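The values are calculated or read from the model by the stated rules, or taken from the named source; none is laboratory data. Since the structure is predicted, the reported quantities are computational estimates derived from the model, not experimental observations. Neighbour counts are summed over all protein chains in view; Cβ atoms, including those assigned to glycine, are modelled from backbone coordinates with ideal geometry. Side chains included, ligands, DNA and RNA excluded: accessible areas come from the protein's heavy atoms. Shrake-Rupley method; radii C 1.70, N 1.55, O 1.52, S 1.80 Å.
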Amino acid sequence: MKSSAIANSNIALVKYWGKQDKELILPYNNSISLTISDLHTHTTVEFNEELKEDQITLNDSQIDETSRKQIIKFLDIIRKDSDLKAKIVSKNNFPTASGLASSASGYAALTLAATKALNLNLTKEELSKLARRGSGSACRSIYGGLSEWQKGTNNDDSFAKQIEKKDYWPDLRMLICTTTTEEKKTKSRAGMAQTVATSPMYKSWLDTIENDLTNVRTAIKNKDFTLLGKTAESNCLKMHATMITTEPPIIYWNPTTIKIMKQVELLREQGIECYYTMDAGPQVKILCLKNNQETILEKIKQIDGVINTITTKPGEPAKTTEQHLF
Ligand code: 2P0
């Protein structure tokens with residue numbers, strides 16, 4: 001009853017920030033994301049009759065109590081009536097909880113490993129629904145390439161669907177620019193609930209989403225990089241406007257974040273096409289095409305405060321592996 005899985009992170013081009021139903025994790029709007037190569041979580045799960053309690057290790061350490069409760073609640077959904085306890089060992093190959101979608105890759109890998117360990121052979125759609133119960137954005141990491149989370153209205157119709165596989169747009173690049181490896185102070189779950197409750201901009205944000213979804217779907221269909229990048233950047237800024245106007249304010253950016261944003265604008269003025277997007281953290285992800293990646297990276301690496309850059313491409317779907325972590 002032991003299985004392992006690897007799942008990649010995903011970065012949203014049309015973002016998810018707010019739940020209609022917190023228990024079922026039903027979002028206010030559809031979101032579209034790119035599953036990226038190179039940033040992944042590797043997880044091994046074993047259900048064992050001899051275990052007295054669930055044992056959970058992330059990156060060789062015990063996890064905090066809130067995360068532990070969240071994972072156990074999720075395990076209880078998967079193991080239903082059985083009282084089998086699990087040993088879980090998980091590793092991210094990138095900083096955890098700093099705005100690089102570690103909960104997306106984490107819960108996608110856990111969903112696949114845990115269901116395989118219990119011999120449940122679920123379809124992608126079923127896996128996506130289940131991963132959503134762990135963390136909303138995880139439902140998109142079940143797929144490779146580009147996918148859309150259909151917000152749905154209930155537990156059974158809220159899941160992601162693939163738009164295109166990873167090889168559809170091989171020149172697409174997402175450059176991950178790390179500006180800190182510290183964990184964020186406001187976790188996404190608490191932050192988005194606070195935004196929905198207090199930001200006067202929240203309704204306006206929702207009013208613009210359908211248009212952004214249409215533009216991103218069209219941009220993908222026509223491989224229109226300009227439309228894709230412009231829409232993703234503007235969608236990101238609108239989401240951050242709701243965060244900044246939350247009470248108390250949620251400002252995820254640091255000075256380096258803004259320096260990178262300014263450099264992206266400058267590069268664009270010089271004819272090097274690229275766009276930024278940021279999530280619940282200060283890291284900047286730059287969307288560009290392969291022919292410009294080296295020029296952009298050269299400029300970004302010169303910025304004081306940039307700790308690290310990783311070049312990613314459209315990534316693989318979540319998959320099982322025979323490499324067990326224990
Ligand atoms: C996204 N983010 O669409 C957005 C953009 C962060 C900003 O999904 O409460 O970790 O577990 O459902 O999925 C982060 O939220 O939150 C997120 P929960 P999750 O990628």
Could you grab the relative contact order for region 2-169? Cα pairs under 8 Å, six or more apart, rounded to a whole percent.
29 percent
Relative contact order in percent for region 148-228 (Cα pairs under 8 Å, 6+ apart) equals 13 percent
Given a 1.4 Å probe and every protein chain left where it sits, what share in percent of the accessible area of region 172-312 is carbon and sulfur?
52 percent
Whole number in Å², please: accessible area per residue of the chain, 1.4 Å probe, ligands, DNA and RNA not counted.
44 Å²
Through the Karplus equation 6.51 cos²θ - 1.76 cosθ + 1.60, θ set to phi - 60°, convert the phi angles of region 4-13 into ³J(HN,Hα) values in whole Hz; use x for Gly and Pro.
10, 8, 10, 10, 8, 6, 9, 10, 7, 9
Summed side-chain charge close to A138 - residues other than A138 whose Cβ falls under 12 Å, Lys, Arg +1, Asp, Glu -1:
+4
What order do W17, W253 take when sorted by accessible area (1.4 Å probe), most exposed first?
W253, W17
Can you give the convex hull volume of the alpha carbon atoms of region 170-214 per residue, in Å³?
141 Å³
Normalised contact order of the chain, rounded percent, pairs of Cα under 8 Å and 6 or more residues apart:
26 percent
Do any GluC sites (Glu not before Pro) in region 137-220 lie in a loop, going by DSSP, with at most 14 other beta-carbon atoms within 10 Å of their beta carbon, and if so which?
E182, E183
